[in-house]
1. Inside region 67-80, can you point out the residues that are in a helix (DSSP H, G or I) and under 16 Å from Ile188 (Cβ atoms)?
2. Given the structure, is Glu48 open to solvent by 60 Å² or more (accessible area, probe 1.4 Å), among the acidic types (Asp, Glu), within 30 Å of Val117 (Cβ to Cβ) and assigned to a helix (DSSP H, G or I)?
3. Name the one entry in Lys112, Lys124, Lys100 that is modelled with pLDDT under 85, touching an Asp or Glu at 6+ places or on another chain (Cβ under 7 Å) and closer than 23 Å to Ala31 by Cα.
4. Taking the criterion of being touching a residue at least 40 places away in the same chain (Cβ under 8 Å), open to solvent by less than 20 Å² (accessible area, probe 1.4 Å), under 16 Å from Leu37 (Cα atoms) and touching a helix residue (DSSP H, G or I) at 6+ places or on another chain (Cβ under 8 Å), would at least one residue in region 176-184 satisfy it?
5. Kindly provide the set of residues from region 124-161 that are open to solvent by 20 Å² or more (accessible area, probe 1.4 Å), in a loop (DSSP other than H, G, I, E, B) and not basic (Lys, Arg), ordered by number.
6. Which residue pairs have Cβ atoms closer than 8 Å, lie 6 or more positions apart in sequence or on different chains, and pair a first residue in region 39-51 that is within 25 Å of Leu83 (Cβ to Cβ) with a second residue that is open to solvent by 50 Å² or more (accessible area, probe 1.4 Å) and part of a helix (DSSP H, G or I)?
7. Can you pull out the residues in region 81-94 that are under 15 Å from Ala60 (Cα atoms) and either among the small types (Gly, Ala, Ser) or not in a helix (DSSP H, G or I) (or both)?
8. For region 143-189, which residues satisfy the criterion of being small (Gly, Ala, Ser) and under 22 Å from Ser127 (Cβ atoms)?
Amino acid sequence: MVMMGKDNTKPIGKNTDRISEQGSQTGDLTAFFEKQLERTNSWLNFAEAKSAGMIAVNIALIAVVINLFQSAKVLTTITVIVLIISSMLCLITFFPNLGKNVVIDEEKSNSKKLNLVFFGDISKMSSVEEYIDNVVNNYYPGDDDFKNDILIRDLAEEIVVNSQITVKKYSLFRKAVLADIVAFIFAITTFVAA
């Protein structure tokens, strides 16, 4: 099966016939990294949308809890505090990360087991060079000439950084969901006690 580029004229991937011209090969690899950057940014946007939705739900829940459960002040207060913590965790996901430094994980990843298009696995790369090397070795074997291409390095760096940001946002969102679960438990307890 051959994947086609946006214009349906240029095949992408390792199952295609090798094109002898260096420029065409670099174009295929550049197209891969551009598409991967689009995917990573899409995951990043989705993480932010989920956080925004969670903040809206928490604000609504705070209003409901305060209005409905005025008799159980302690449980209502605890529930509201936990919902506020959840909202704050979601708000943290909106802080921009304007640095382009790649955070290097102390544990070097086992790249043979990693999915090189999944943001969670990309974020585990110990360096941009490791990511480029793995993509070239797994999807474009024998095409080592691109490893020093500036555009490819810049795209790969953006992919790795955005993948790390996305992982952080999903991690904070997961904590916010856990805080909401605790708040729901307190809200149910407040309802039963009232």
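1. Once the filter is applied, which keeps residues that are in a helix (DSSP H, G or I) and under 16 Å from Ile188 (Cβ atoms), region 67-80 yields Leu68, Val74, Leu75, Thr76, Thr77, Ile78, Thr79, Val80.
2. no
3. Matching residue, one of Lys112, Lys124, Lys100: Lys100.
4. No, region 176-184 contains no residue that is touching a residue at least 40 places away in the same chain (Cβ under 8 Å), open to solvent by less than 20 Å² (accessible area, probe 1.4 Å), under 16 Å from Leu37 (Cα atoms) and touching a helix residue (DSSP H, G or I) at 6+ places or on another chain (Cβ under 8 Å).
5. Ser127, Pro141, Gly142, Asp149
6. Note: pairs meeting the criteria are Ser51/Leu91.
7. Ser86, Ser87
8. Ala156, Ser163, Ser171
The values are calculated or read from the model by the stated rules, or taken from the named source; none is laboratory data. Just so it is clear, the structure is predicted and the values come from calculations on it, not from any experiment. As a convention, Cβ positions derive from the backbone with ideal geometry for all residues, glycine included, and neighbour counts pool all protein chains shown. Ligands, DNA and RNA are stripped out before the accessible areas are found, and what is left, the full protein with its side chains, is counted by its heavy atoms. Shrake-Rupley method; radii C 1.70, N 1.55, O 1.52, S 1.80 Å.
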